[in-house]
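What follows is one structure encoded as structure tokens, with my remarks underneath.
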């Protein structure tokens, strides 16, 4: 992934997620402004995330945003400054306006905010998305003070919360549509999907567990047992089997992400 620029008096908060989507689908989720749609439900501290013009992020787009964490609330006027297809989205707010609520008064402050979404494909063709939030303090004293009093801790927890939830919305926006489509075709009863995947030296165990789980009312996706020697399969046949195997894993992973919405396949 691309490096994050180092700026004076800046502290970075960073977290990553892995989503079972192609890199272009994950990238389009942000470019198509889906964050605006789901933003209020991503965290209790989220107020709004609104693109001023248009329906897609472009270089030069302006985003109005308000959020809070702990005793701090903040307003951003983000400016989209960098879009590298399937690689990075970057926007900044210079400055962001902060209110810190203390028992005896409210302190007004400012800092610069930098947001980076970086995208990378993993070995299974899924997408790793790294979020980096850079907070640039006006001077070194404010930076040291914020670290000493744990002023950044609420924002670290806030980032983990919102980024964990956003994974569900990827599923809702892309994968759930496939599930709903299949359901309309089959018109069958919803059931729990369980994928069994292990070395073929445990073939008999896998067959036994598959039968047991199916008789308990589950829908079991299992491996394809070979009917000939590996050398006898054509390259095209091997590719088809690999694609089918990854699809099985994709759907069981998305069921976990979308809070156990089960489908009879």
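Projecting label points 7 angstrom from Cα along Cα→Cβ for residue 36 and residue 106 puts them 2.7 nm apart. If you plug the beta carbon distance of residue 121 and residue 47 into 1/(1 + (r/R0)^6) with R0 = 30 Å, you get a FRET efficiency near 0.35. Label positions at residue 24 and residue 237, each projected 7 Å from the Cα along the C-beta direction, are separated by 3.1 nm. Given axes a ≥ b ≥ c from the Cα gyration tensor, I'd like to know whether the stretch 10-174 is rounded (a/c under 1.5), prolate (a/b larger than b/c) or oblate. Prolate is the answer for the stretch 10-174, as a/c is 1.5 or above and a/b outweighs b/c.
Taken together, the values in this text are just the output of simple stated rules run on the coordinates, not laboratory data. Fair warning: this is a prediction, and the values are worked out from it, not measured in the lab. Positions of Cβ are generated from backbone atoms using ideal geometry, with glycine treated the same way; all protein chains shown enter the neighbour counts.
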